[in-house]
Structures are given as structure tokens and as C-alpha cells.
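Beneath this line is the structure, given in C-alpha cells, with notes to follow.
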Amino acid sequence: MLRHLNEIEVWDIIVIGGGASGLGTALDAASRGFKTLLLEQNDFAKGTSSRSTKLVHGGVRYLQQGDISLVLEALRERGLMLQNAPHLVRNLSFIIPNYEWWGGPFYTIGLKMYDMMAGKLGLGPSKNLSFEETIKSIPTLVKDGLRGGVVYQDGQFDDARMAISLALTCADYGGTVLNYMEVKGLMKDKDDLIEGVVVRDIENDKKYRLKAKAVINATGVWADRVMQMDNPDAKDMIRPSQGVHLVLDKSFLQSSHAIMIPQTSDGRVLFAVPWYNRVIVGTTDTLVNHADLEPRALDEEIEFILETAGKYLNKVPTRKDVKSIFAGLRPLAAPQGDEKPTKEISRHHKVLISLSGLITLIGGKWTTYRKMGEDAVDKAILLAGLPERKSITENLMIHSYSVNSSLDDPNSVYGSDLNSMEAIALESKKYKGLLSEDLQISKAQLIWAVREEMARTVEDFLARRTRALFLDARESIKICETVAQMMADELGYNSRWAKGQVKQYKELAKGYYLE
Ligand SMILES: Cc1cc2nc3c(=O)[nH]c(=O)nc-3n(C[C@H](O)[C@H](O)[C@H](O)COP(=O)(O)OP(=O)(O)OC[C@H]3O[C@@H](n4cnc5c(N)ncnc54)[C@H](O)[C@@H]3O)c2cc1C
């Protein structure tokens, strides 16, 4: 991938940012045959895109808010995501427990609309549940005051694995995708129009000046920073708001269904979702002043989630039950003047173009990554005078597409690559066996991640190629030394590198468990 930087004089499209938005854009561009380069300052999905609730959804709550066009678009994209990546996305049923006399009919009507709007890409009908059926589906729900429930269908995925698969698909189509490459500035021509980027290779401090016909800023909550590289006087558009999730043992849910609480005491939606043999509970909405790459949960957010979950679950979770805790940042519209920063940037994405031609893609959600990419590339074609070529991502199969994967198997994310990944164990005794019995992570997965998935650090492997850090932070620390040594051997680094990695990883992982 690095070699391509010297081989190509002028890229058609350079995308800054390797989260859902940037990867969706780069894949759309590469699959239309454009010379495409994606630059990510850290690892793919290091930002918000590995910290979501992991739902592929139309957004029932936007329906409640009357945002019909957003729900229609997301429902369509939900269906396409399942169609194009059946090894990465699964159908999941959600139960809204009903503790209010009016709740049943209210949600039944709303969800019937939701089903209808999904059309032929629907995942199955919603229906009313009696008290008995609700408890049979989720035995751990608080029974006191429960009247029944409503069940509806949405999708679920592994966000970071989807990101890695998008990067691989982009490469399959001839795109160049690089992690650990930070864009430090923008290059402009004599007419003050953008003609490329200045980038630093974080691993060796090498600088590159790369030319492009179009530059797309897809840096999520960091979008202001890049817009200010273009125009130092540009006002901040984004104020980050933090969303926290806690990961608990599956005994708190004891069900293959998820729970959806439409309105918590602070007016948010709360989910308890089964994921890889654990339960994810969240989320919160807390304004923060700074977009940190490693946002940290606040004590009050942790207490809020534990307390709210405790109102609905008969086994009340406490701090010591938390296996992992992670925070992500969503963009809110920054206040202008004295305005209060309460309004969320609409979940409708926007493609902005500056006077010097910087294209910025903001908003949206994971579920709509494909459409966001398509819209951004359409604008780039117009702006840069690239040849008109239609997007082909609507029916484009994602890397290692397979309909034969059993989604109960955590390794289904490898799709048609599964056999090749597992075959690594046959190469040598040292690649045989598991790194973690509890998380079912194998040594072969590690070698595969280094060779095939651009894993460069211990964190890349434990946080995003596998989800160890997000599933059980303490367990991930137990295996980090072996991971570091095996990675060092595979990458040709010495034991000093391995020691440094272990130190860095342990420091990072401290933020993912509670003392
Ligand atoms: C708590 C929470 C829960 C959510 N749950 C869901 C859900 O269940 N379903 C759903 O559909 N959506 C969900 N979303 C929304 C979804 O996660 C986001 O819309 C999406 O991940 C944003 O992707 P992005 O690529 O725009 O941003 P990011 O993923 O943040 O990517 C931006 C990238 O740009 C990189 N970058 C920044 N500056 C530079 C630079 N100078 N040079 C190079 N790279 C740079 C960053 O390192 C980062 O990796 C959720 C969001 C939050 C906060």
C-alpha cells in the first residue's frame, strides 16, 4: 500500500478518515474505478466507528420524532447492508417491554409503520406480546407492573469488523487504504484551490505531499480541525457529545432478544443488546469540550446506566459486574453565539463544499455509510470534473461475502476467508491453539490480522480485529504480552518494541474497566 504513494502522481480522490464515512466513501470511489487513497491517522475505526451500539437500524426513535425520510433511507440501507454482508450483519429481534397502559397500542401502530416502510427489504413483522410471552422471551425482565410488550426486527453487526471488511473490499477494488497516516495540512494551487494533502507516516515520521483532484474530509467529530486547515477562520461546526456503553455478562439478559426502552428518565433510548456472549447496555448523551481519540466515561454516566438498567432487569448490575466500558462521540451542532448546544446535527448526512473545494462529509450513522459514500463521491465527480460513472455499491458484496456463515460462531466475521485463517494453525506449532479460552480468540487470528488485515499494534488486534478489549478488558490484559511477542516476531520487531506495546496497551485498557 505504501509503495503506491510513490507510484501514483495525482490521485483522483483522497479521503481523510478511516471510520464508517471515510471507508464507505473510499469503497464507492474505488469501485467506480477512480484512483482512490484513504488516509487514517490511527487505526481503521479507532474513532466513533468502533464505539457504536452495533445496530443496523432504521431508527425507531426518528419515526417518533416524525423524521420519515431519514427512517426510509436507513431502512433501505439496513436491508442492503444485510444483503451485501450476510457474514457480518444479523437479524435481531427487539422487545419493548410495556409498563404503561397506553404503551402497547402506541408502539404497535408505530412499529407497523416501521415494517411497512422497510418494504421488500423488511426483516420480519412486529407483533404484540402478552405478559407471558414477554417474560418467556426475556426471563430477566422486572415483572412488577409489566403489561406485555411489542417485538420488532432490526439488524446487528460488529462495527469494527465491518470497518476492516470495508477497507479490504476497497483494496480488492484497487483502492489504497493506509492506517497510521495523519493528514497535517492541505496543499493549495496558485488560485487557492485544494490540490492535495500533506501527510505524516506516524510509524517512521516520514512526510509525503500527495496530489489529488478531489479531497474528501470524512473525519467525524474531528471535521472542524480539517476544515480549519482549509480556512483558519472557519467557525467550529461540531460540539461532541459522549455516549457510553457498559458490557455485562449474558446472565443479565439470558435471551437472544434485545431490550429497547424508548424513553429513559433523561429522555434517551436505552438498549440492552446481546453481543458475542455478553450484553451491551447503553447509552448516554453528555456534552464534552474536546474530541478525544480515547474518550472516557464519567462516573455519573456509569451510575445512570447501571441505575436505569436496574429498573428493568431483575438482576441489578453493579460496578463490579462491568466487564468493559466504552465511550464514543457523536457530533452535535456547535452553538453559535449565545445559543445553547442542545440541537443534534440531523442524522441526515450532509456534504459541504468550501470555496477552495474541500469536500466535507458529516453526520449520518453507521447504517447509512454506503449512501453517504455515494453522495460524497457524486459531489467529487462534479467538482473535480471526473468522468461520470454511476455508483455500484448498492449490490456490491463486501469482502469474504458468505451466506454459509453461522452467526452464532464468533468467527463468522471471516466469511469465506475462515478456512484460510484457520489454516495458519497448521503452518507451525507456535500458531496452534487459543490465546484466550474465555473469549475464544486463537493465535491463528492474530497472525491473520497482521498479515491480511493491517493490524500494526497490540491494540489494533485486541480492540478492533478481535473485540477482546470491548468484551472483557481484564481478560484482554492477561493475553497482551503473548500477543505483543507474537506480533513482534511476525512483524520483525525486537523485544523492546513488544515491551513498549504491552506498556501502552495496559495503560489504555485501564480506561475500559472499573476498579
Ligand atoms: C454512542 C454512539 C452509538 C451509536 N450507535 C449507532 C448504531 O447502533 N447504529 C448506527 O448506525 N450508528 C450508530 N452511531 C453512529 C455511528 O457510530 C457514527 O455515525 C459513525 O461511526 C461515524 O463515522 P465517521 O467515519 O463519520 O467518524 P469516525 O468513526 O470517528 O471516523 C473519523 C476518523 O477520522 C480520523 N481522523 C481524524 N483526523 C484525521 C487526520 N487529520 N488525518 C487522518 N485521519 C483523521 C479519526 O482517527 C477517525 O478514525 C452511534 C454513535 C455513537 C456516538
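The values are calculated or read from the model by the stated rules, or taken from the named source; none is laboratory data. Fair warning: this is a prediction, and the values are worked out from it, not measured in the lab. Glycine gets a Cβ as well: all are built from the backbone with ideal geometry, and neighbour counts include every protein chain shown. The accessibility values were calculated without ligands, DNA or RNA, using every heavy atom of the protein model including side chains. Shrake-Rupley method; radii C 1.70, N 1.55, O 1.52, S 1.80 Å.
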note = Expressed in angstrom and rounded, the centroid-to-centroid distance over alpha carbons for region 448-515 and region 68-131 is 37
ask   = Percent of accessible area on region 9-52 owned by carbon and sulfur, 1.4 Å probe?
value = 46
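Once every DSSP H run of n ≥ 4 in the chain is given -39500 (n - 2.57) and the sum is divided by its residues, what mean residue ellipticity at 222 nm do you get, rounded to the nearest 500 deg cm²/dmol? All intermediate terms of the calculation are to be shown ahead of the outcome.
On the way: 15 runs with 173 residues, N = 515.
Calculated from helices alone, the mean residue ellipticity at 222 nm is -10500 deg cm²/dmol.
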request  = For region 285-295, take each phi angle, set θ = phi - 60°, evaluate the Karplus expression 6.51 cos²θ - 1.76 cosθ + 1.60, and give the result in whole Hz per residue in order, putting x for glycine and proline.
outcome  = 8, 10, 5, 10, 8, 9, 8, 8, 5, 10, x
remark   = Net charge near Gln153 (other residues with Cβ under 11 Å of its Cβ; Lys, Arg +1; Asp, Glu -1) is +1
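Tell me, what is the per residue accessible area of region 36-192 in Å², probe radius 1.4 Å?
For region 36-192, the per-residue accessible area is 37 Å².
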remark   = With x for Gly and Pro, the residue-by-residue ³J(HN,Hα) of region 44-59, computed from phi through the Karplus equation 6.51 cos²θ - 1.76 cosθ + 1.60 at θ = phi - 60° and given in whole Hz, is 4, 6, 4, x, 4, 5, 9, 10, 7, 7, 6, 10, 9, 9, x, x
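Using the Cα gyration tensor of region 9-93, with a ≥ b ≥ c the square roots of its eigenvalues, what is the shape: rounded (a/c below 1.5), prolate (a/b larger than b/c) or oblate (neither)?
Working: a/c = 2.02, a/b = 1.85, b/c = 1.09.
Prolate.
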ask   = Counting only protein heavy atoms, what percent of the accessible surface of region 159-232 is carbon or sulfur at a 1.4 Å probe?
value = 46
message = Could you tell me how far the Cα centroid of region 31-46 sits from the Cα centroid of region 368-388, in Å?
response = 15
request  = On the full set of protein chains, 1.4 Å probe, figure out the accessible area of Lys207 and give it in Å² to the nearest 10.
outcome  = 120
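Using a 1.4 angstrom probe, figure out how much accessible area region 262-313 has per residue, in square angstrom, rounded to the nearest whole.
Values: 2200 Å² over 52 residues.
On a per-residue basis, region 262-313 sits at 42 Å².
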remark   = Once all protein chains are kept in place, Asp192 shows an accessible area at probe 1.4 Å, nearest 10 Å², of 90
ask   = What figure in square angstrom, to the nearest 10, would you give for the accessible area of Phe106 with a 1.4 Å probe?
value = 100
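Going by the alpha-carbon gyration tensor, a ≥ b ≥ c the square roots of its eigenvalues, is region 179-305 rounded (a/c under 1.5) or, if a/c is not under 1.5, prolate (a/b greater than b/c) versus oblate? Intermediate values should be presented prior to the final figure.
Working: a/c = 3.14, a/b = 2.27, b/c = 1.38.
Since a/c reaches 1.5 and a/b is larger than b/c, the shape of region 179-305 is classed as prolate.
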